[in-house]
Amino acid sequence: MAVELWETLKDSITAYTGLAPTTFFTLVALALAFYYVVSELFGSPDNRHQQRPRDFEEQQPLPPPVQLGEISGEELKQYDGSDSKKPLLMAIKGQIYDVSQSRMFYGPGGPYALFAGKDASRALAKMSFEEKDLTGDISGLGPFELEALQDWEYKFMSKYVKVGTVKQTVPVSDGASNDESVESTKPAEAVASESAKPSEDGPSGSVVAETVDKSDGDVDKKD
């Protein structure tokens, strides 16, 4: 039965189209492929928009960078991308840059997310992802590491907007402060007594003068 239907179909294709059955089916397949390509290229915009990811549709333009001035390292940690309402910031050599436009790299889940909200100068110079290197301290780095850090800084300066600086805290040693306090609290009498002491190099000028005068008097008496 199936063979009879197939033979009848081949006879019909040949009679109505004048083509061999294999040629006919080849042309039908090509026509379907062409239709699919054209519909993808020139389909309605609504259909193409429906196929876009939801996060792409909901993406909004970034707000302009806000200048923060000088802030501390602890305050900088608030801009590590955990709060989507705050800009994404990162510092190099004490200079803070707004990297919100590269959230896919420095935002949560990105390959460089651990650098966000920090001065990562040392880590960038060494290309390190260790917690101990997430600091702005670049002391002890070699020339090649400093050159790599300089390249990173040039890249950030050309691509991102500087919005502030990291406040540097210089610790004062207790010994130095104690010495200063001791020197400042010396009584005036002690200073006066120290100035009145004869020099260790020899007798004072007044003593030398008295000795010369006595010598001259002795010479006059002899004459």
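The listed residues 24, 156 rank as 24, 156 when sorted by accessible area, largest first, using a 1.4 Å probe. Residues whose amide H lies under 5 Å from that of residue 97, counting only those 5 or more places away or on a different chain, are 90, 91, 92, 163; hydrogens are built 1.01 Å from N in the peptide plane. Sorting 153, 145 by accessible area puts them as 145, 153; the probe is 1.4 Å, largest comes first, and only protein heavy atoms count.
Modelled spin-label separation between residue 72 and residue 155, with each label point placed 7 Å from Cα along the Cα-to-Cβ direction: 3.1 nm. Determine ³J(HN,Hα), in whole Hz, for all residues of the range 144-152 in sequence, where each value follows from phi through the Karplus function 6.51 cos²θ - 1.76 cosθ + 1.60 and θ = phi - 60°; x replaces Gly and Pro. Along the range 144-152, the couplings run 5, 5, 5, 5, 5, 5, 5, 5, 4 Hz. Filter 93/159; 118/162; 85/167 down to the pairs with a C-alpha to C-alpha distance above 19 Å, please. Where the Cα-Cα span goes over 19 Å, the pairs concerned are 85/167. Once all protein chains are placed together, residue 27 keeps about 90 Å² accessible to a 1.4 angstrom probe. Ordering 62, 141 by accessible surface, largest first, gives 62, 141; the 1.4 Å probe counts only protein heavy atoms, with every chain in place.
Calculated FRET efficiency, residue 148 to residue 85, Cβ-Cβ distance, R0 = 30 Å: about 0.35 to the nearest 0.05. Using a probe of 1.4 Å, the accessible surface attributed to residue 157 totals some 110 Å² when neighbouring protein chains are kept in position. What the phi angles of the range 83-92 give under the Karplus curve with 6.51, -1.76 and 1.60, with θ = phi - 60°, is a coupling list of 9, 5, 7, 9, x, 9, 10, 7, 10, 9 Hz, glycine and proline written as x. Modelled spin-label separation between residue 34 and residue 3, with each label point placed 7 Å from Cα along the Cα-to-Cβ direction: 3.7 nm. Full extension of the chain segment joining residue 104 with residue 14 gains 26.4 nm, where the gain is 0.36 nm per residue of separation less the Cα-Cα distance.
The values are calculated or read from the model by the stated rules, or taken from the named source; none is laboratory data. Owing to the predicted nature of the structure, the values given are computational and were not obtained by experimental measurement. When we count neighbours, we look across all protein chains shown, and the Cβ atoms used for this are built from the backbone with ideal geometry, even at glycine. Each accessible area value is taken on the protein alone, full model and side chains, heavy atoms only, with ligands, DNA and RNA left out. Shrake-Rupley method; radii C 1.70, N 1.55, O 1.52, S 1.80 Å.
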